[in-house]
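No lab work stands behind these numbers, since they all come straight from the coordinates. Remember, predicted model here, so these are calculated numbers, not experimental data. Note that we place each Cβ from the backbone using ideal geometry, even for glycine, and neighbour counts take in every protein chain shown.
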Amino acid sequence: MDIKSIGVIGAGQMGNGIAHVMALAGYDVMLNDISQDSLNNAVALIGKNLDRQVSRNKITAEAKADALARIKTTLQLPELGQTDLIIEAATERETVKAAIFEDLLPHLKPTTILTSNTSSISITRLASRTDRPEKFMGFHFMNPVPVMQLVELIRGIATDEETFAACHKVVANLGKTAASAEDFPAFIVNRILMPMINEAVYTLYEGVGNVESIDRSMRLGANHPMGPLELADFIGLDTCLAIMNVLHDGLADTKYRPCPLLTKYVEAGWLGRKTQRGFYDYRGETPVPTR
């Protein structure tokens, strides 16, 4: 199947990044959200990020203009139905994702491929709620999408080879690298990354080190570009907790039990950078550890 048009559901952090790279690669993009402000902010941010690429001589001014011209926005989910490939990038809650696919189904072309950018939820289970489980798979980008080179491609139990090949070709056209993952909780990257972050929160919780010493230790001692608590704030502590819960529920192993301190931060609404407070307080000129 030759994919030319892409529907992206959700104009948040991941959705606007996906729209950005797809448009830059020559695909016509239809970006959907339930909020006009979110759509406007997403297009403005895409323009700003493209400007940064122009200033660094990564792309030309003409390529930027062409990419922006390929992006259309809509509040109406049914308008995405005529696209060749749909990537759902809504919030990491299964009930929300299932409801979106249910609303979309009556408006789809028979050939449209459905995918989810979920970072942990079962692809097989999401696919089973649709009329085309063979044309459904996981299409998991890393954040920030324009910068990160990896895309996890996750086949559900029913995903056919043609669908996988079509999505693999899209990843190649983006200039990114695909990693094929099996449909088990959190797939590859988050299966490894989130327990490390959770363990860093336990290290903080138990008083082994403070925020600054934990992050400094992993940056300088393990050569990580970001400390685990700084990274958790970047990802969003609510997302980290959601993925740990998926791991804990799906694998029934106590080693995946979310740290109570992580739960407490989420309960407080301290979700990281997006709320200006998490393991660091971002309300001043420089981030300040909160513990």
Checklist entry - Among VAL8, VAL171, which comes first, second and so on when ranked by fewest other beta-carbon atoms within 10 Å? => result VAL171, VAL8
Checklist entry - So what J values fall out for the range 70-79 if you push phi through Karplus, 6.51 cos²θ - 1.76 cosθ + 1.60 with θ = phi - 60°, rounded to Hz, Gly and Pro as x? => result 7, 9, 10, 10, 7, 8, 9, 4, x, 5
Checklist entry - Using the 10 angstrom Cβ neighbour count as an exposure proxy, how do ARG129, ARG283 rank, fewest first? => result ARG283, ARG129
Next on the checklist: Can you find, among VAL8, THR74, ALA63, the residue sitting farthest towards the positive end of the charge dipole of the chain, where Lys and Arg contribute +1 and Asp and Glu -1 at Cβ?
Outcome noted: ALA63
Checklist outcome for this item: Pairs over 31 Å Cα to Cα, from LYS58/LYS274; LYS64/LYS264; LYS72/LYS176; LYS48/LYS169; LYS97/LYS176; LYS72/LYS169, come to LYS64/LYS264
Checklist entry - Each label point is 7 Å from the Cα along the Cα-to-Cβ direction; what then is the distance between the points at ALA252 and THR95, in nm? => result 2.4 nm
Checklist entry - What residue among LEU261, ILE214, ALA178 has its Cα farthest toward the positive end of the dipole of the chain, where the charges are +1 on Lys, Arg and -1 on Asp, Glu, each on the Cβ? => result ILE214
Checklist outcome for this item: Cβ density ranking, 10 Å radius, fewest first, applied to ASP28, ASP233, ASP37, ASP51 yields ASP37, ASP51, ASP28, ASP233
Checklist entry - Taking the DSSP beta bridges in the chain as the whole, what percent of them are antiparallel, to the nearest 5? => result 25 percent
Checklist entry - So what J values fall out for the range 142-147 if you push phi through Karplus, 6.51 cos²θ - 1.76 cosθ + 1.60 with θ = phi - 60°, rounded to Hz, Gly and Pro as x? => result 9, 9, x, 4, x, 9
Checklist entry - What shape does the range 191-289 have by the C-alpha gyration tensor, where a ≥ b ≥ c are the square roots of the eigenvalues, rounded means a/c under 1.5, and otherwise prolate means a/b greater than b/c and oblate the rest? => result oblate
Item to check | Extension gain (nm, one decimal) between MET148 and ASP2, 0.36 nm per residue minus Cα-Cα | outcome: 50.1 nm
Checklist entry - So if R0 is 30 Å, what FRET efficiency would THR111 and SER35 give, r being the distance between their Cβ atoms, rounded to the nearest 0.05? => result 0.50
Item to check | Spacing of the two label points (7 Å from each Cα toward its C-beta) at TYR202 and LEU68, in nm | outcome: 4.9 nm
Checklist outcome for this item: Counting sequence-distant residues (5 or more places) and residues on other chains, those with an amide H built under 5 Å from that of LEU31 are VAL8, LYS72, THR73, THR74
Checklist outcome for this item: GNM of the chain, Cα pairs under 10 angstrom: of ILE86, ILE235, ILE192, the biggest fluctuation goes to ILE192
Item to check | Chain lengthening between THR290 and HIS168 when straightened (0.36 nm per residue, less Cα-Cα) | outcome: 39.7 nm
Next on the checklist: Amide H of THR91 versus every other amide H placed in the peptide plane: which residues, excluding those fewer than 5 positions away on the same chain, fall under 5 Å?
Outcome noted: none
Item to check | Computed helical MRE - 222 nm, the chain, DSSP H runs ≥ 4 contributing -39500 (n - 2.57), nearest 500 | outcome: -14000 deg cm²/dmol
Checklist outcome for this item: The answer for ASP281, listing residues at least 5 apart or on another chain whose modeled amide H is closer than 5 Å to its amide H, is VAL288, THR290
Item to check | Dipole magnitude of the range 191-289 about its Cα centre (Cβ charges: Lys, Arg +1; Asp, Glu -1), debye to nearest 20 | outcome: 100 debye
